[in-house]
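> Below you'll find the structure I mean.
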Amino acid sequence: MKLTVNNTPLELHRGARVKDAIVSFYTQSGRRVPKRLPPVEDRFGNRVAHDGELSEGNALFIVYRRRKRAASMKIIVAVLATALLSACGTARHTGATTTDENHAETSPAIEQHDVDSPASELHAITSPAAKKPADTNVPSERQAVIFAVNDMHAAIDNFPKLAWIVDSLKAIYPDMLLVAAGDNQTGNPVNDQFPEKGWPMIDLMNATGFDLSAVGNHEFDTGPEGFGNLTGKANFSFICANVLTDCHPTLRISPYRIITLPNGLRLAFLGLLQLGQNGIPDTHPDNAKAFSFRSPFETAPEYLWLKDSSDIFIALTHIGFEEDIRLAETMSAGIDLIIGGHSHTRVEKEQKHNGIIITQAENKLKYGTLIRLTVSGDGAVRRSMQLIDIRNSKKESPPAIRAMVDRYNDNPVLNEVIATATDDFSSYEELGYLMADAQREAAGADIALMNPGGVRIDRLEKGPVSIKNVYQLDPFGNELVVTKLTGEEIYSLMRAAWPVDDRSPLLPSGIRTELKLDAEGNPLEFIIHTEDGNPLDPDRIYTVAMNSYITQVYDYEHADPGQSLFFTTAEALINHLKKQGDVRSYRDMRRVTITR
């Protein structure tokens, strides 16, 4: 995958994230990677989270001096923390009518509240009593209000704050819709390792009153059966037009949803999903192999008829901000609004491209976007958006949501014993070999290499091994990457690793290495043998597994940038330990020999 950072061209493994690009930029520039990575913006001036996902051709820019946050953001937070202190809606659902191609039944109408104009938004939030009485509403103007989040990635700890903000806003806008732009799953072991993987997020989204969710690439991480089970238990709809689910009838996914508000406005939402260079979403290929996918850009024009079937046509996408701009350029005749996800972009100020507003609210429930759409009598749509800070809210509501979060956090998932160590692990090396073995097995690779700095504990006592132990050993969330390297390129990697790892060799699986040093401790020669004792063939191509940190930091010769398997090295180790049950002893194991 090719992109630029500060106009410097880089080539990264497929599935790389923003943090990988930053690290690669510093490394390629010959500069030390800072312990705290600097903030990053895209070419449009939007802040992008370090774990944001990338697409071919992205352009990123490092911000060396932090800017003050927008004053409007602070005002909105202060408003929601003070003026709405007493607001606490108990009803979670809007009473809106939801229809799709099968036309679901109608629901009771709910009184529609309105405000004068987009300019009065802050005044309306501050003083609900200042709104116009219902009997003075202008019939020719009707309003739709949406609160949108994206890429929540199982950030369950922020749900009590989200619930307070949603309740407070619904005290003003009772018919407000709550939508998510995909990637609700993956990122928190409390959710990801739950016995019913992913259920805590669905349970909390149900309780908070979500109306709709796009399908993100990480929705597939629970596997076809798991995803189907979760869609069946969700009280909200999943939409995606460019995935075919005929082979999995348990999956409740529709291409679109039309929601009719009590004031009669019909909102059509079209779901679109990101696809990688291999034609599938960024997830492990096994999770997607039973599905068929189409390009979102080929699919979207086929649904332009939704504009004629609705008052407002909205694309609820998970394709990334720059791809949303591309969509706006090709769909301007129909789309009124794009609510996006995937790239973890923080859109603080109105971004209008080809006449279409595009929103996105970073990730992990740090922010949400309040969107107001007013339709005039002639069908024209006025649009406005405001970014609201969820993370720094001082209020939570209702107590039931906090109780749910506490219950899930107290769940003994992390204390689950997944294996038994038959002997003590008494060094970084022994644990590093175990990690490399797990990565090699998970990738089906010839060789796996583990950097010593990625092994975060040096002892693991004989006896039970828990999921918590794994995350103590491997806390970074690095993804497992597979590359095809010649023997000569593996030698180049070994040489490059020595100075980066504070003069320590890589810890391998599948090979044994001998390192000869000179009198000053500098490497003179690397000698590598395969497990069967044969010398590594410099011309043969080997499949090599390693974490995403190694692929970006080590400056070595290689033609293949690699392919992410879209799960973490910690997950690989958890699965390996579960499979092993009784973990063999690594006592006195020597896969690396250093001589002088």
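The values are calculated or read from the model by the stated rules, or taken from the named source; none is laboratory data. Not measured: the values here are computed from a predicted model. Every residue, glycine among them, receives a Cβ derived from its backbone with ideal geometry; neighbour counts consider all protein chains shown. Note: accessible area is taken over every heavy atom of the protein model, side chains too, but ligands, DNA and RNA are not part of it. Shrake-Rupley method; radii C 1.70, N 1.55, O 1.52, S 1.80 Å.
> Rank Ser55, Asn287, Ala380 by how far each Cα sits towards the positive end of the charge dipole of the chain (+1 on Lys, Arg Cβ; -1 on Asp, Glu Cβ) and give me just the farthest.
Ala380
> A 21 angstrom limit on the alpha carbon distance is what I want to check against. Which of Lys2/Lys352; Lys19/Lys364; Lys197/Lys233; Lys366/Lys394 exceed it?
On the way: Lys2/Lys352 26 Å; Lys19/Lys364 16 Å; Lys197/Lys233 13 Å; Lys366/Lys394 13 Å.
Correct reply: Lys2/Lys352.
> Could I ask something else about it? Taking the highest mean first, how do the peptides 151-162, 46-57 order by number of other beta carbon atoms within 10 angstrom per residue? Provide the component values of the computation, followed by the final result.
Numbers: 151-162: 23.8, 46-57: 19.8.
Packing order, densest peptide first, comes out as 151-162, 46-57.
> Given axes a ≥ b ≥ c from the Cα gyration tensor, I'd like to know whether the range 199-299 is rounded (a/c under 1.5), prolate (a/b larger than b/c) or oblate. Intermediate values should be presented prior to the final figure.
On the way: a/c = 2.17, a/b = 1.32, b/c = 1.64.
Verdict is oblate for the range 199-299.
> To the nearest 20 debye, what is the magnitude of the charge dipole of the range 446-545 about its Cα centre, counting +1 on the Cβ of each Lys and Arg and -1 on the Cβ of each Asp and Glu? If you can, show how the numbers build up before the last one.
Values: 10 positive and 17 negative charges, 89 e Å.
Using Cβ point charges on Lys, Arg, Asp and Glu, the range 446-545 gives about 420 debye.
> Cα axis of helix 223-233 to longest principal axis of the chain: angle in degrees, 0 to 90, nearest 10?
Result, in degrees: 30.
> Rounded to the nearest 0.05, what FRET efficiency do Arg43 and Glu141 have when you use their Cβ-Cβ distance and R0 = 41 Å? Don't skip to the answer; put the middle values down first.
On the way: r = 36 Å, r/R0 = 0.88.
Calculated value: 0.70.
> Another question about this same structure. When only Cα pairs under 8 Å and 6 or more residues apart are kept, what is the percent relative contact order across the chain? If you can, show how the numbers build up before the last one.
Working: 1355 pairs, mean separation 86.7, N = 596.
Once divided by the residue count of the chain, the mean separation gives 15 percent.
> In Å, the Kirkwood hydrodynamic radius of the range 409-529 over pairs of distinct alpha carbons? Can you show the working numbers first?
Working: mean 1/r = 0.0629 Å⁻¹.
Taking the inverse mean of 1/r over all distinct Cα pairs, the range 409-529 comes out at 15.9 Å.
> Helix 428-443 versus the longest principal axis of the chain: what angle, 0 to 90°, nearest 10, using Cα atoms?
It is inclined by approximately 60 degrees.
> Next question, about the same structure. Tell me which residues come under 5 Å, amide H to amide H, from Val40 once H is placed; ignore anything under 5 positions away on its chain.
HN-HN under 5 Å from Val40: Val48, Val63.
> Could you tell me the center-to-center distance, by alpha carbons, between the range 314-331 and the range 336-397 in angstrom?
Taking the Cα centre of each part, the range 314-331 and the range 336-397 sit 14 Å apart.
> Place a +1 charge on the Cβ of each Lys and Arg in the chain and a -1 charge on the Cβ of each Asp and Glu, then give the dipole magnitude about the Cα centre in debye, rounded to the nearest 20. Show your work: numbers first, answer last.
Working: 62 positive and 78 negative charges, 406 e Å.
My answer is approximately 1940 debye.
> Another one. Quick one: which of 517-525, 273-281, 1-9 comes out on top by average Cβ neighbours within 10 Å, and what's the full order, highest first?
On the way: 517-525: 10.9, 273-281: 20.0, 1-9: 15.0.
Those peptides, ordered most packed to least, come out 273-281, 1-9, 517-525.
> Order the peptides 288-301, 579-592 from the highest to the lowest mean number of other Cβ atoms within 10 Å of their residues. Intermediate results must be reported in sequence, preceding the final value.
Values: 288-301: 15.7, 579-592: 13.9.
Highest to lowest by the protection proxy: 288-301, 579-592.
> Name the shape class, rounded, prolate or oblate, that the alpha-carbon gyration tensor gives for the range 481-541, where a ≥ b ≥ c are the square roots of its eigenvalues, rounded holds for a/c under 1.5, and otherwise prolate holds if a/b is larger than b/c and oblate otherwise.
Numbers: a/c = 1.92, a/b = 1.48, b/c = 1.30.
Verdict is prolate for the range 481-541.
> What's the carbon and sulfur percent of the chain's accessible surface, probe 1.4 angstrom, rounded to a whole number? Each step should come with its number before you reach the end.
Numbers: 11690 of 23810 Å².
Reported share for carbon and sulfur atoms: 49 percent.
> Related question: Determine the calculated [θ] at 222 nm for the chain from helices alone, applying -39500 (n - 2.57) to every DSSP H run no shorter than 4 residues and normalising by the residue count; nearest 500 deg cm²/dmol.
Working: 16 runs with 153 residues, N = 596.
Calculated from helices alone, the mean residue ellipticity at 222 nm is -7500 deg cm²/dmol.
> Cross-link partners among lysines for Lys462, C-alpha distance below 24 Å, same-chain residues fewer than 8 apart left out?
Lys578, Lys579
> Over the chain, with the other protein chains present, what is the accessible area per residue in square angstrom, probe 1.4 angstrom? Before the final figure, lay out each step's value.
Working: 23810 Å² over 596 residues.
The answer is 40 Å² per residue.
> Can you give the angle from 0 to 90° between the axis of helix 18-28 and the longest principal axis of the chain, with both taken from C-alpha atoms, to the nearest 10?
Between helix and principal axis, roughly 40 degrees.
> Using volume of the Cα convex hull per residue in Å³ as the read-out, say which of [x] 166; [y] 152; [z] 184 was calculated from these coordinates.
Step by step, volume of the Cα convex hull per residue in Å³ for this structure corresponds to label [y].
> Antiparallel versus total DSSP beta bridges in the chain: what percent is that, nearest 5?
On the way: 68 of 103 bridges.
For the chain, the DSSP antiparallel bridge percentage is about 65.
> Another question about this same structure. Under the rule a/c < 1.5 gives rounded, and otherwise a/b versus b/c splits prolate from oblate, where does the range 228-282 land using the Cα gyration tensor? Walk me through the intermediate numbers first.
Numbers: a/c = 2.86, a/b = 1.55, b/c = 1.84.
Oblate shape, in that a/c is at least 1.5 and b/c is the bigger or equal ratio.
> Let me ask something else. From the residues Ala300, Phe159, Tyr586, which one has its Cα farthest along the dipole of the chain in the positive direction, the dipole being from +1 and -1 charges on Cβ of Lys/Arg and Asp/Glu about the Cα centre?
So the residue we want is Phe159.
> Considering only DSSP states other than H, G, I, E and B, which trypsin sites (Lys or Arg not before Pro) in the range 353-426 qualify as loop sites with at most 12 other Cβ atoms within 10 Å? Before the final figure, lay out the partial values.
Details: sites: Lys364, Lys366, Arg372, Arg382, Arg383, Arg391, Lys394, Lys395, Arg402, Arg407; in loops: Lys364, Lys366, Arg391, Lys394, Lys395.
Passing sites in the range 353-426 are Lys394.
> Find which of Thr8, Thr551, Val481 sits farthest along the positive direction of the dipole of the chain, computed with +1 on the beta-carbon of Lys and Arg, -1 on that of Asp and Glu, about the Cα centre.
Ranked along the dipole, the leading option is Thr8.
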